[in-house]
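Below you'll find the structure, written out as structure tokens, and then a few comments.
The values are calculated or read from the model by the stated rules, or taken from the named source; none is laboratory data. Remember, predicted model here, so these are calculated numbers, not experimental data. Here the Cβ positions follow ideal geometry from the backbone for every residue, glycine too, while neighbour counts run over all protein chains shown.
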Amino acid sequence: MLNVQSLAVHYGGIVAVRDVSFAVARGECVAIIGPNGAGKSSTLRAISGLAPVTSGSIEFEGKRIDGLPAHMIARLGVAQVPEGRHVFGPLTVEDNLLLGRSRLGTGKPADGLERVYSVMPKLRDRRMQKAGSLSGGEQQMLVIGRALIGEPKILMLDEPSMGLAPQIVDAVFSLLDGLRRTGQTILLVEQNATQALEFADRSIVLNVGEVRMAGASSDLRARSDVVSAYLGGTEHI
Ligand SMILES: Nc1ncnc2c1ncn2[C@@H]1O[C@H](COP(=O)(O)OP(=O)(O)OP(=O)(O)O)[C@@H](O)[C@H]1O
Ligand SMILES: [Mg+2]
């Protein structure tokens with residue numbers, strides 16, 4: 001479904017990503033892990049058209065998408081849940097969700113809402129509440145819901161567990177697990193390597209802009225070098 005070949009992202013003189021290649025098949029869940037500044041967000045942002053692709057190519061469903069404007073890429077079914085849980089604080093939960101339907105242009109908004117509420121019943125309880133007054137965990141669910149209501153073909157998430165209490169992190173991952181079981185294709189960026197390697201079918205380890213390791217998450221979990229670098233004691237490296 002998604003094919004990234006020799007991707008490079010530069011910001012002026014700064015090299016954020018160099019020669020990164022990977023693919024995501026339909027229905028697969030892939031994680032990109034790695035420390036601060038590894039180029040994880042830049043990779044996601046390049047796919048969604050928000051960061052400049054200096055060289056390489058990105059194909060989605062067999063078509064080149066690098067160079068397309070972000071709104072066109074979104075319309076093709078590529079949804080990104082950015083880092084930082086940006087909700088529209090003065091709007092209600094429901095209005096925040098409805099903003100995510102803009103790519104579809106067809107269908108009844110109520111059907112989309114029902115689908116999101118069925119996987120996130122807490123949002124239904126709070127649908128008339130102002131989004132700015134939700135807890136951090138609820139805001140994270142809301143931004144994921146806003147992406148889901150647009151029926152993305154691939155759902156990309158940038159550090160959905162960041163800054164959340166362990167119990168809430170578990171709730172986010174169990175939601176993602178539920179989505180996976182419905183066949184949702186997911187590309188996840190995480191510093192929380194333990195959770196990411198448990199969740200994803202395959203994982204890619206980035207460091208200073210380059211792919212250091214890639215493979216089945218179960219194989220990576222069993223490698224002592226991965227354990228000592230990414231899973232030993234501190235999860236946030
Ligand atoms: N808009 C920008 N302008 C200039 N440099 C940037 C920009 N965005 C990112 N960078 C640089 O690119 C490199 C990779 O950053 P990126 O945000 O992709 O890393 P990351 O793996 O997501 O890190 P983190 O885990 O801290 O979120 C860093 O050196 C960063 O300073
Ligand atoms: Mg990042």
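Only helices (runs of 4 or more DSSP H) whose full extent lies in region 161-237 are considered here, and the ones with at least 1 residues that are closer than 18 Å to residue 28 by Cα, within 16 Å of ligand 1 (Cβ to nearest atom) and touching a Leu at 6+ places or on another chain (Cβ under 8 Å) are 193-199.
I need a count of the residues in region 136-158 that are in contact with a helix residue (DSSP H, G or I) (Cβ under 8 Å, 6 or more places away or on another chain) and over 13 Å from residue 96 (Cα atoms). Residues meeting the conditions: 7. The criterion of being buried (at least 20 other Cβ atoms within 10 Å of the Cβ), at pLDDT below 95 and not aromatic (Phe, Trp, Tyr) does not hold for residue 174. Taking the conditions (1) over 18 Å from residue 119 (Cβ atoms); (2) within 13 Å of the chain's Cα centre (by Cα) in turn, residue 211 satisfies each one other than (2). Taking the criterion of being hydroxyl-bearing (Ser, Thr, Tyr) and either under 20 Å from residue 74 (Cβ atoms) or part of a helix (DSSP H, G or I) (or both), the residues of region 111-147 that qualify are 117, 118, 133.
Between 4, 53, the distinction of being within 20 Å of residue 157 (Cβ to Cβ), within 15 Å of ligand 1 (Cβ to nearest atom), at pLDDT 95 or above and in contact with a helix residue (DSSP H, G or I) (Cβ under 8 Å, 6 or more places away or on another chain) belongs to 4 only. Going through (1) within 16 Å of ligand 1 (Cβ to nearest atom); (2) in a loop (DSSP other than H, G, I, E, B); (3) buried (at least 16 other Cβ atoms within 10 Å of the Cβ) one by one, residue 37 falls short only on (3). Screening the candidates 106, 92 for the property of being out of contact with any Asp or Glu (no Cβ under 7 Å at 6 or more places or on another chain), hydroxyl-bearing (Ser, Thr, Tyr) and surrounded by 13 or more Cβ atoms within 10 Å (Cβ to Cβ) yields one hit, 92. Every listed requirement among (1) hydrophobic (A, V, I, L, M, F, W, C); (2) in contact with a Phe, Trp or Tyr (Cβ under 9 Å, 6 or more places away or on another chain); (3) modelled with pLDDT of 95 or more is met by residue 216 save one, (2). Beta carbons closer than 6 Å, at least 6 apart along the sequence or on distinct chains, pair a first residue in region 156-171 that is under 21 Å from residue 79 (Cβ atoms) with a second that is assigned to a helix (DSSP H, G or I) and within 13 Å of ligand 1 (Cβ to nearest atom) for 156/44; 158/41; 158/44.
This table checks each residue for (1) farther than 22 Å from residue 168 by Cα; (2) without any contact (Cβ under 8 Å) to a residue 12 or more places away in the chain.
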{"position": "78", "(1), (2)": "yes, no"}
{"position": "91", "(1), (2)": "yes, no"}
{"position": "97", "(1), (2)": "no, no"}
{"position": "105", "(1), (2)": "yes, yes"}
{"position": "110", "(1), (2)": "yes, yes"}
{"position": "115", "(1), (2)": "no, no"}
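Do the conditions hold for residue 104, that is, is it more than 18 Å from the chain's Cα centre (by Cα), among the aliphatic types (A, V, I, L, M) and not in a helix (DSSP H, G or I)? For residue 104, the condition - more than 18 Å from the chain's Cα centre (by Cα), among the aliphatic types (A, V, I, L, M) and not in a helix (DSSP H, G or I) - is met.
For region 74-101, filtered to residues that are outside any helix (DSSP H, G or I) and of a type in the set (A, V, I, L, M, F, W, C), the residue that is nearest to residue 63 (Cα to Cα) is 76.
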